[in-house]
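Data block below; observations after.
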Amino acid sequence: MTGRGISKLVAAVIAAGVIGAMTATGAVWALHRLHPPRGDLHSLLHRVLPLDAAERARLDAKEQIFVVRSQEIDARMKAANARLAEAIRADPRWSPEVEAATREIEAAAGELQRATLRHVFEMRDGLDPEHRKAYDEAVIAALNRGAR
């Protein structure tokens, strides 16, 4: 295989690994459409609910914690992708190193899914009780859009 062919193979395997990890944890995708790291969930809340200053303050604090947490997980996922690339560069076959890196990617994707779901519920807890129903409906609608 030529150097160019190996480069294409590496790119395809990395893409497949990322797609496979995301497919294995499909709710991450749906929730991140609702809540990417830049805070679309937060923006959604401001659009669909009349938040008062106290709610905004509670949600801002929760949002900042989540941003830091999701960035930590994302950094681990990127590092695992780099290890996968290096493992394939060293031996372009399925190897114990490829397996290990793939498992790291899957673990990080699963952790991101759980962290995102916890954040969704924490944001809900930060709302006044009369706003929770509208929030629940927005979250469910986003998950259903991601399921189609």
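The values are calculated or read from the model by the stated rules, or taken from the named source; none is laboratory data. These numbers were taken from a predicted model, which means no experiment stands behind them. For accessibility, only protein heavy atoms count, side chains too; no ligands or nucleic acids. Shrake-Rupley method; radii C 1.70, N 1.55, O 1.52, S 1.80 Å.
Observations on the structure shown:
- Gyration tensor (Cα) of region 60-148, equivalent ellipsoid semi-axes in angstrom: 36, 15, 8
- Length gained on full extension, Gln71 to Trp94, computed as 0.36 nm times the residue gap minus the Cα-Cα distance: 5.4 nm.
- Its Kirkwood hydrodynamic radius, worked out from the mean inverse distance over all distinct Cα pairs, puts region 67-117 at 11.2 Å.
- Rolling a 1.4 Å probe over the protein heavy atoms of region 46-121, with every protein chain left in place, gives an accessible area that is 59 percent carbon and sulfur.
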